[in-house]
Amino acid sequence: MPDRAQLKSLAREQIKGNIGILFILFLVMGLITGTAIGGLFAPAMNVGMCLVYIGLAAGNKPGIGDLFKRMDIFGKALWLMIITGFFTMLWSLLLFIPGIIKGLSYSMAPYVLAEHPDWTARQCLDESKRIMAGKVGDLFILQLSFIPWFLLCVVTGGIAFIYVLPYVCAATARFYQAVQA
């Protein structure tokens, strides 16, 4: 598995030349899911966004329509979000740390669903747990490494999000590809 620096380097290369469309995808998703009814579509759009970043790593150019490619599994994506949240909440009742660990363990489930839309939500969750076994700490450190970037977003009044959101998502997708290999 590539180390954190390599994953981030690959992610920067991946988003180069695509920042505009990737940020527009986030805006479109935010506008749609920012309403009460539109929020129901957030899980399917999140899975679609995972598919965008998986495709980006393969050299595919993203488009607005890519965001909606997994709307056909709307119910499955919604159920995945519900059970992930439920199980994470149950683990959090033990203490805060087990909840964080399990949340990280389940975090690859939307990527699994993006690549395997015929799988059940439970299969995707189980696969996420399987591929994340022994890798939770690596993902945690990767996510912590973006704290300075998020501080930059605060300092710039949110303008840096234009770059930071795609960068973080690309690095996470690269992490997913590395752990599943």
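Quick rundown of the values:
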{"quantity": "Any hit, the stretch 64-72, residues being of a type in the set (A, V, I, L, M), in contact with a helix residue (DSSP H, G or I) (Cβ under 9 Å, 6 or more places away or on another chain) and over 18 Å from Thr33 (Cα atoms)", "calculated": "no"}
{"quantity": "Residue, nearest to the chain's Cα centre (by Cα), within the stretch 86-135, restricted to residues that are aliphatic (A, V, I, L, M) and closer than 13 Å to Gln177 by Cα", "calculated": "Met108"}
{"quantity": "Residue satisfying all of: in the stretch 83-131; in contact with a Pro (Cβ under 9 Å, 6 or more places away or on another chain) and among the polar types (S, T, N, Q); farthest from Ala171 (Cα to Cα) among these", "calculated": "Ser92"}
{"quantity": "Which numbered condition Ile37 fails, given (1) farther than 16 Å from Pro166 by Cβ; (2) surrounded by 13 or more Cβ atoms within 10 Å (Cβ to Cβ)", "calculated": "(2)"}
{"quantity": "Condition met for Asp138 (farther than 23 Å from Thr33 by Cβ and among the acidic types (Asp, Glu))", "calculated": "yes"}
{"quantity": "Of all residues in the stretch 89-112 being modelled with pLDDT of 95 or more and among the small types (Gly, Ala, Ser), the one that is surrounded by the fewest Cβ atoms within 10 Å (Cβ to Cβ)", "calculated": "Gly103"}
{"quantity": "Restricting the stretch 55-77 to residues that are under 16 Å from Cys124 (Cα atoms) and hydrophobic (A, V, I, L, M, F, W, C), the residue that is surrounded by the fewest Cβ atoms within 10 Å (Cβ to Cβ)", "calculated": "Phe74"}
{"quantity": "Residues of the stretch 74-110 satisfying the condition of being closer than 24 Å to Ile37 by Cα, in contact (Cβ under 8 Å) with a residue 24 or more places away in the chain and aromatic (Phe, Trp, Tyr)", "calculated": "Phe74, Trp79"}
{"quantity": "Residue that is surrounded by the fewest Cβ atoms within 10 Å (Cβ to Cβ) [pool: residues in the stretch 123-136 that are within 17 Å of Met81 (Cβ to Cβ) and in contact (Cβ under 8 Å) with a residue 24 or more places away in the chain]", "calculated": "Lys129"}
{"quantity": "Check on Leu78, aliphatic (A, V, I, L, M) and in contact with a Pro (Cβ under 8 Å, 6 or more places away or on another chain)", "calculated": "yes"}
{"quantity": "Residue in the stretch 137-161 that is farthest from Ile100 (Cα to Cα), counting only those that are among the aliphatic types (A, V, I, L, M) and surrounded by 17 or more Cβ atoms within 10 Å (Cβ to Cβ)", "calculated": "Ala160"}
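The values are calculated or read from the model by the stated rules, or taken from the named source; none is laboratory data. Because the structure is a prediction, the values reported are computed rather than measured. As a convention, Cβ positions derive from the backbone with ideal geometry for all residues, glycine included, and neighbour counts pool all protein chains shown.
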